[in-house]
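Trainee: Okay, handing you the structure first.
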């Protein structure tokens, strides 16, 4: 076992609970566990089971992190993965400044200042999760994700399972998924994506051109605009994703405007267009607004 420790500075307004909420969605804790002020997440990296540990309570203003690798040296990508799971890729300050005088968003920002977009540890995790979560409720999506991890991932010696890499998922066959409650269409799309990524036909670099990534993903049968934008948001950290295809975003827009019904897709897209190039943060505040009460 190889262990590597590092610390990451956190901004003064860092919202720890958002991170715990995002990574604690799976109550069974197969690949992520919240233990007090610590997050532990398993992920396959370069073929090695790896556990990322983040302690958020030990030292003010810092995340104390440990990378535990089974059978090799800590990967060079580990620091970037930690930034992802801490939500430190997209700075919320430019959006907050842009909407300081906005009648609609300024009150939302005032109630959730410092809100950040938490990301998946790897781009493949974000892409595959976007497909798994298509058009089903969150509870069922989390259960399917758990099944996917158990089928394609590997266990770390400390007990966590590690989210698979594309090459791991590409080895699965259709029956392994469909026999475990995946619809045929969802399973086929997931395998198409995994094989494209494993073969290097899909750019999984974080600095990839988002427009080229979008075009490549949209060419994959079973992947539509919502999946692309969600993957760009959670995986690549693109700050201007337009989530008009998200039902919760459209519901929040309707409430914000005082409308009797949620807007149509074109209406929601037109609304979000006004907040370019910060549509990712606009969507994040819209999501959170559904659980906020006016203060």
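Derivation of every value follows stated rules applied to the coordinates shown; laboratory data play no part. Please read all numbers here as calculations on a predicted model, not as lab measurements. Glycine gets a Cβ as well: all are built from the backbone with ideal geometry, and neighbour counts include every protein chain shown.
Trainee: On the principal axes of its Cα set, how long, how wide and how thick is the range 153-295? Give whole Å, largest value first.
Mentor: So the extents along the principal axes, rounded to whole Å, are 49, 34, 31.
Trainee: Extent of the range 1-98 along each principal axis, from alpha carbon coordinates, in Å, largest to smallest?
Mentor: So the extents along the principal axes, rounded to whole Å, are 46, 30, 24.
Trainee: Using only the Cα atoms, work out Rg/Rh for the range 114-195, with Rh taken as the Kirkwood radius, to two decimals.
Mentor: Values: Rg = 12.8 Å, Rh = 13.2 Å.
A ratio of 0.97.
Trainee: What do you get for Rg/Rh over the range 59-121 if you use C-alpha atoms and the Kirkwood form of Rh?
Mentor: Details: Rg = 16.4 Å, Rh = 14.1 Å.
Over the Cα atoms of the range 59-121, Rg/Rh equals 1.16.
Trainee: Restricting to DSSP H runs of at least four residues, report the calculated mean residue ellipticity at 222 nm for the chain, -39500 (n - 2.57) per run over all residues, nearest 500 deg cm²/dmol. Write out the running numbers ahead of the final one.
Mentor: Values: 14 runs with 127 residues, N = 295.
Here the helix-only value at 222 nm equals -12000 deg cm²/dmol.
Trainee: Any idea what diffusion coefficient the chain gets from Stokes-Einstein, in µm²/s, Kirkwood Rh on alpha carbon pairs, 10 °C, 1.306 mPa s? Intermediate values should be presented prior to the final figure.
Mentor: Working: Rh = 19.8 Å.
The estimated diffusion coefficient comes to 80 µm²/s.
Trainee: Here is a further query. Placing one identical point scatterer on every Cα of the range 200-263 and ignoring solvent, what is log10 I(q)/I(0) from the Debye formula at q = 0.15 Å⁻¹?
Mentor: Each listed q maps to, in turn, -0.53.
Trainee: Could you grab the relative contact order for the range 2-90? Cα pairs under 8 Å, six or more apart, rounded to a whole percent. Could you put the intermediate results ahead of the total?
Mentor: Values: 137 pairs, mean separation 28.8, N = 89.
The value is 32 percent.
Trainee: For the chain, what relative contact order do you get, as a whole percent, if you take Cα pairs closer than 8 Å and at least 6 residues apart? It would help to have the intermediate numbers written out before the result.
Mentor: Values: 476 pairs, mean separation 49.5, N = 295.
Relative contact order of the chain: 17 percent.
Trainee: If you don't mind, another one. Ranking request for peptides 99-109, 128-138: highest mean number of other beta-carbon atoms within 10 Å first, then the rest in descending order. Intermediate results must be reported in sequence, preceding the final value.
Mentor: Values: 99-109: 15.6, 128-138: 18.1.
Output ranking for 99-109, 128-138: 128-138, 99-109.
Trainee: Quick one: order 160, 30 by neighbouring beta-carbon count within 10 Å, fewest to most.
Mentor: On the way: 160 25, 30 21.
Ascending number of Cβ neighbours within 10 Å: 30, 160.
Trainee: Between the range 168-194 and the range 117-134, what is the C-alpha centre distance in whole Å?
Mentor: 16
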